[in-house]
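First the structure, in the form of structure tokens, and then the observations on it.
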Amino acid sequence: MRQSHFFCKTLKTNPKEGDAISHKLLLRGNFISQLASGVYSFLPLGLRAHRNIEKIIREEIEKIGGQEVLLPSLQPKEIWLKTKRWDEMDPPLFRVKDRHSKEFALGPTHEEVITGLVKLAIQSYKDLPVALYQIQTKFRNEMRFYGGLMRAREFIMKDLYSFHADKDDLEKFFNKAIGAYEAIFNRCGLKAIKSEASGGIFTKENTYEFQILSEMGEDRILFCENCCWASNLEVAEVKDGGKCPKCEKGKLEKRNSIELGHIFRLGSKYSETIGLYFKDKEGNEKPVIMGCYGIGIGRLLATVVEINNDEKGIVWPKELAPFPIHLIQIGEGQDVKKVAETVYSSLMEFGFESLYDDRQDKTAGEKFAEADLIGMPCRIVVSERTIEKDCVEIKPRDEVKAELVRIDYLQQFFNSKLKVQNSKLQP
């Protein structure tokens, strides 16, 4: 992508409205734009990073048997009355009326919808288990907003629902989901902590949250550094400074954290209410046992930026970066331009997408500062100095030193030393 044609206008200084470093950097780097409090547009850079997270999620969830669907955001009042959540949701539902005065909710979650959908297909134990997931817009009527994408009114979420004949089968899938979540967060460059938590409005059973330690986080957990056991303060039966109940060696500390994901054993709460039953081997009718597994993708993206930055800007992990390579042309001479164009074409032939800064109205200093701000994993510079040696200058974003690499060695260099992956977006 040629930067001269790319829709991206960065800011030279941090905006005043940002209340977290990730919020400031995403606004300043033109990854997102604020339309209203808690409502954001994703711009080309931000959407590419978002799509890369979606790709990782799809790959890991489908490894454990998840099948993708897409459910309506506009949900009729009647299904919410069945579960008695029309008036009990916290935060309250966004409600709208159509021209016939029929009431709908803008979906903050999809238990009612997915349970009704699966009810149409499940009759026998032979139809189970089933795991369906979606990547869908959610609407939360929050009282307050913070951290930009950390807590918003409108956001995109991956929610997975599993359906089982009994609790043992649910437990098997639940453990697979834990593994999938750990793989997702690892691939995003984050080491998430599995924390015991409350089921909130979804279930009375204890659940698990996946947390990242951060002073920016609004969650509070008790954490043992010795064995990484953790519990949300809402359900903790031990105290700050006490002995860890798991390893019995570590000392518990109260820490701030960001919740990246939440998984629930729903049991038969929604299936009994909606009427989702199946017949077992003996012909007895039983309620389907359910599980629910969520990840807020915008919050995950913001957390990655919150953790991966320096004084110059964002430092994207390789799998999430909007582009793996930022190619920068320094100088306006014909020789420099010719070599830069050749390198750009070669990168595309090799299968490496790049953002090519071919702009003529920016100084070298401005180009370098912007490259550091938006944080692609690898910077390639073509200048008069480099072409004199038939080389380009290559500098990984997370390293201080640059090195000269021969132009005819570029493909081998990326395949071997930097291990940059082909990042072409999937449809």
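Throughout, read-outs are computed from the coordinates displayed, never taken from laboratory work. Here the structure is a predicted model, which means the values were calculated and not measured. Ideal geometry is used to build each Cβ from the backbone, glycine not excepted, and the neighbour counts take in all protein chains shown.
Applying the Karplus relation 6.51 cos²θ - 1.76 cosθ + 1.60 with θ = phi - 60° to segment 22-27 yields 3J(HN,Hα) values of 5, 4, 4, 5, 5, 6 Hz, where x marks Gly and Pro.
Within the P(r) computed for the chain, what percentage of the Cα pairs occupies the region above 29 Å? The answer is 53 percent, as a whole percent. Once backbone amide H atoms are built at 1.01 Å from N, residue 214 has 256, 257, 258 as its partners under 5 Å, excluding neighbours fewer than 5 places away on the same chain. 3J(HN,Hα) along segment 257-266: 8, 10, 7, 9, x, 8, 10, 10, 8, 7 Hz, from the Karplus curve 6.51 cos²θ - 1.76 cosθ + 1.60 with θ = phi - 60°, whole Hz, x for Gly and Pro. What the Cβ-Cβ distance of residue 253 and residue 120 gives, at R0 = 41 Å and to the nearest 0.05, is a FRET efficiency of 0.25. Axis of helix 44-63 versus longest Cα principal axis of the chain: the two differ by about 50°, to the nearest ten degrees. Run down the lysines and flag those whose C-alpha is under 17 Å from the C-alpha of residue 158, throwing out any fewer than 8 positions away in its chain. Cα-Cα hits under 17 Å: 55, 63, 138, 176.
Label sites at residue 281 and residue 168, each approximated as a point 7 angstrom past Cα along Cα to Cβ, lie 1.0 nm apart.
Using a simple spin-label model with pseudo-atoms 7 Å out from Cα toward Cβ, residue 319 and residue 406 lie 3.5 nm apart. Counted over all Cα-Cα pairs of segment 20-70, pairs farther apart than 18 Å make up 45 percent. When each of the peptides 29-40, 263-274 is scored by the mean number of other C-beta atoms lying within 10 Å of its residues, the order from highest to lowest reads 263-274, 29-40.
Helix 334-350 and the long axis of the chain differ in direction by around 30°, with both axes built from C-alpha atoms. Each residue of segment 240-256 was assigned a 3J(HN,Hα) from its phi angle through the Karplus expression (A = 6.51, B = -1.76, C = 1.60, θ = phi - 60°), giving 4, x, x, 7, 4, x, 8, 8, 6, 10, x, 9, 6, 10, 7, 10, 7 Hz with x at Gly and Pro. With the charge dipole of segment 286-427 set up from +1 on Lys and Arg Cβ and -1 on Asp and Glu Cβ about the Cα centre, the Cα lying farthest toward the positive end among the listed residues 288, 376, 416 is that of 288. For trypsin sites (Lys or Arg not before Pro), the sites in segment 112-193 that DSSP calls loop and that have at most 15 other Cβ atoms within 10 Å are 144, 191. Magnitude of the charge dipole for segment 255-314, about its Cα centre and with charges confined to Cβ atoms of Lys, Arg (+1) and Asp, Glu (-1), is about 140 debye.
Taking amide hydrogens as placed 1.01 Å from N in the peptide plane, the amide H of residue 156 sits under 5 Å from those of 138, 297, 298, each at least 5 positions away in sequence or on another chain.
For residue 39, the residues whose modelled amide H falls within less than 5 Å of its own, excluding neighbours fewer than 5 places apart on the same chain, are 153.
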